[in-house]
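To start, the structure itself, in structure tokens.
The values are calculated or read from the model by the stated rules, or taken from the named source; none is laboratory data. No experiment lies behind these values; they were computed from the predicted model shown. Note that we place each Cβ from the backbone using ideal geometry, even for glycine, and neighbour counts take in every protein chain shown. These accessible areas exclude ligands, DNA and RNA; they are computed on the full protein's heavy atoms, side chains included. Shrake-Rupley method; radii C 1.70, N 1.55, O 1.52, S 1.80 Å.
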Amino acid sequence: MTSDTIKQQGQGRAGLVLAMLLLAYIFNFLDRQILGILLEPIKNDLGFTDSELGVLTGPAFALVYSLIGLPLALLADRTSRSGVITGALAVWSGFTALCGTAAGFWQLFLFRLGVGVGEAGGVAPSYALIADYFPPERRARALAIFSLGVPIGLGSGAILGSYIATAFDWRTAFIVMGVAGLILAPIFKFVVRDKPRAPGTTAPTLGALGKVFPVIAKKRSFWLMAFGASLSSLCGYGLATWVASILIRSYGMSLVGAGQFLGSLLLIGGTIGVFMGGYLADKLGTRDRRWYTWLPAAAWLITAPLYAAGLMADSLVVVWMLLLVPNALNILWLGPVTTAIQHLVAPAQRATASGAFLLINNLIGLGVGPLLIGAISDGLREQYGADSLRYAALAVLTFYLVAAFLMWLASRRIRDDWVEEPAAA
């Protein structure tokens, strides 16, 4: 067997692993977004306020998702990354199905906690597996392809959730999505295998977190990228959660219409944005590491005013056209930033570093974004009525500008903090 044949087989195996990781990630975000598209039916059925819905979409999920993510990342580094992802997929899918049985706020809250527990074990080990299978010069594109799970999952969740809820009810939508994920879990485990680690490579234990954390804690670029991405996620998660409700309340759209409208924006804009972020990061980042931070900073500066213009437009055609570009740009950061985080530490510490990054990103982005918009909406309801949610969304767009500034500051440190590795590693 020639070296070229072996190389081709290795690339084929890496592609298959990436495809399975992408599929699991699609289910990850599909199960998150399905609650967003079902907010109005749930509100009408169970009588929740916007603040209560914000708690269910934000803190109820983010609390355990963020806090358990780091220990599970450490466990993945120490044991089996594919095994941890498989278990996580089964857990979050099971609790998604249980959401369809909830009879009140606290039941749904607890089931959402369970979804967060499961999804906490999916992302950081996936980042590490991709870094294991793909060389540095192809890594940003591989991570960007994996990150396509975000727009595909969000868009599919909006469309499928709206159709199932309209044809049956919101409970059936949860159950169908959860059962589908449970079916995928054993298939994922059969296909995806951990790649053997280099001799002499040791993974951190739970007790060794004290050795891993100081490595990233002293790197200013880590904190600036983490908080910059977190403020962007605050806007992104908040908008993904509430835009469908804005379309229903302010524009009089049906549930299916809102699902199609939002889903098309996420699928088209988000997919282009994620892929271009990874492609440009690979092309430009090899010339100057600062491009890993310059790209998201520029994208967010454009996102804020375009999103504001879209939310205030009267014509739905104009709304869609104005929101398409920011739906691409607001998610462009995934490939560049997640790649940069991988290169701030040694290979054996990648899942742990990703877990620390995700801890910050999800506590702020997931934990605050949906709740903040819901709370502002309740506060503005007396003055603006049905449009209170639209103005609440406008208020949070300013965080994109702060995020861009933090990412620009990170560009001044990233070259010093970068950990190089041979291309063949």
(message) Looking at the structure I just gave you, is TYR133 touching a residue at least 40 places away in the same chain (Cβ under 8 Å) and open to solvent by 40 Å² or more (accessible area, probe 1.4 Å)?
(response) no
(request) Count, please, the residues in the range 1-30 that happen to be under 20 Å from LEU148 (Cα atoms) and either outside any helix (DSSP H, G or I) or modelled with pLDDT of 85 or more (or both). (result) 17
(request) Among residues belonging to the range 41-56 that are assigned to a helix (DSSP H, G or I) and open to solvent by 20 Å² or more (accessible area, probe 1.4 Å), point out the one that is nearest to GLY104 (Cα to Cα). (result) LEU46
(message) Would you confirm, using the coordinates I've provided, whether ALA124 is within 20 Å of the chain's Cα centre (by Cα), open to solvent by less than 10 Å² (accessible area, probe 1.4 Å) and within 21 Å of SER230 (Cα to Cα)?
(response) yes
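Taking the condition part of a helix (DSSP H, G or I), among the basic types (Lys, Arg), closer than 28 Å to PHE168 by Cβ and touching a residue at least 24 places away in the same chain (Cβ under 8 Å), does ARG138 pass?
Considered against the rule, which asks whether it is part of a helix (DSSP H, G or I), among the basic types (Lys, Arg), closer than 28 Å to PHE168 by Cβ and touching a residue at least 24 places away in the same chain (Cβ under 8 Å), ARG138 comes out as no.
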(message) If I ask for residues that are open to solvent by 10 Å² or more (accessible area, probe 1.4 Å), of a type in the set (S, T, N, Q) and assigned to a helix (DSSP H, G or I), which ones from the range 75-88 would you list?
(response) THR86
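So that you can scan it fast, the table gives a plain yes or no per residue for (1) over 21 Å from THR86 (Cα atoms); (2) among the β-branched types (Val, Ile, Thr); (3) open to solvent by less than 10 Å² (accessible area, probe 1.4 Å); (4) in a helix (DSSP H, G or I):
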| residue | (1), (2), (3), (4) |
| --- | --- |
| ALA142 | no, no, yes, yes |
| SER156 | yes, no, no, yes |
| SER162 | yes, no, yes, yes |
| ARG171 | yes, no, no, yes |
| PHE174 | no, no, yes, yes |
| GLY181 | no, no, yes, yes |
(message) Could you check the range 31-40 and list, in sequence order, the residues that are open to solvent by 10 Å² or more (accessible area, probe 1.4 Å) and modelled with pLDDT under 90?
(response) ARG32
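How about the range 124-143: which of its residues are within 17 Å of LEU344 (Cβ to Cβ) and acidic (Asp, Glu)?
ASP132
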(request) Tell me, yes or no, whether the range 364-386 has at least one residue that is at pLDDT 95 or above and aromatic (Phe, Trp, Tyr). (result) no
(message) Just checking: which of the helices (runs of 4 or more DSSP H) contained wholly in the range 319-424 hold 2 or more residues that are in contact (Cβ under 8 Å) with a residue 60 or more places away in the chain and open to solvent by 10 Å² or more (accessible area, probe 1.4 Å)?
(response) 350-384, 388-396, 398-411, 414-417
(message) Taking the criterion of being touching a residue at least 40 places away in the same chain (Cβ under 8 Å), more than 30 Å from ALA386 (Cα to Cα) and aliphatic (A, V, I, L, M), would at least one residue in the range 277-294 satisfy it?
(response) yes
(request) Could you list, in sequence order, all residues of the range 89-116 that are among the small types (Gly, Ala, Ser), part of a helix (DSSP H, G or I) and open to solvent by less than 10 Å² (accessible area, probe 1.4 Å)? (result) SER93, GLY114, GLY116
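Looking at the range 117-135, which of its residues are of a type outside the set (Gly, Ala, Ser) and not in a helix (DSSP H, G or I)?
PHE134, PRO135
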(request) Would you check if there is a residue in the range 227-247 being in a helix (DSSP H, G or I), open to solvent by 10 Å² or more (accessible area, probe 1.4 Å), of a type in the set (Ser, Thr, Tyr) and more than 17 Å from VAL150 (Cβ to Cβ)? (result) no
(request) Could you tell me which of the residues TRP300, TRP294 is open to solvent by less than 50 Å² (accessible area, probe 1.4 Å), aromatic (Phe, Trp, Tyr) and in a helix (DSSP H, G or I)? (result) TRP300
(request) Determine, yes or no, whether LEU63 is under 23 Å from CYS235 (Cα atoms) and either open to solvent by 30 Å² or more (accessible area, probe 1.4 Å) or more than 15 Å from the chain's Cα centre (by Cα) (or both). (result) yes
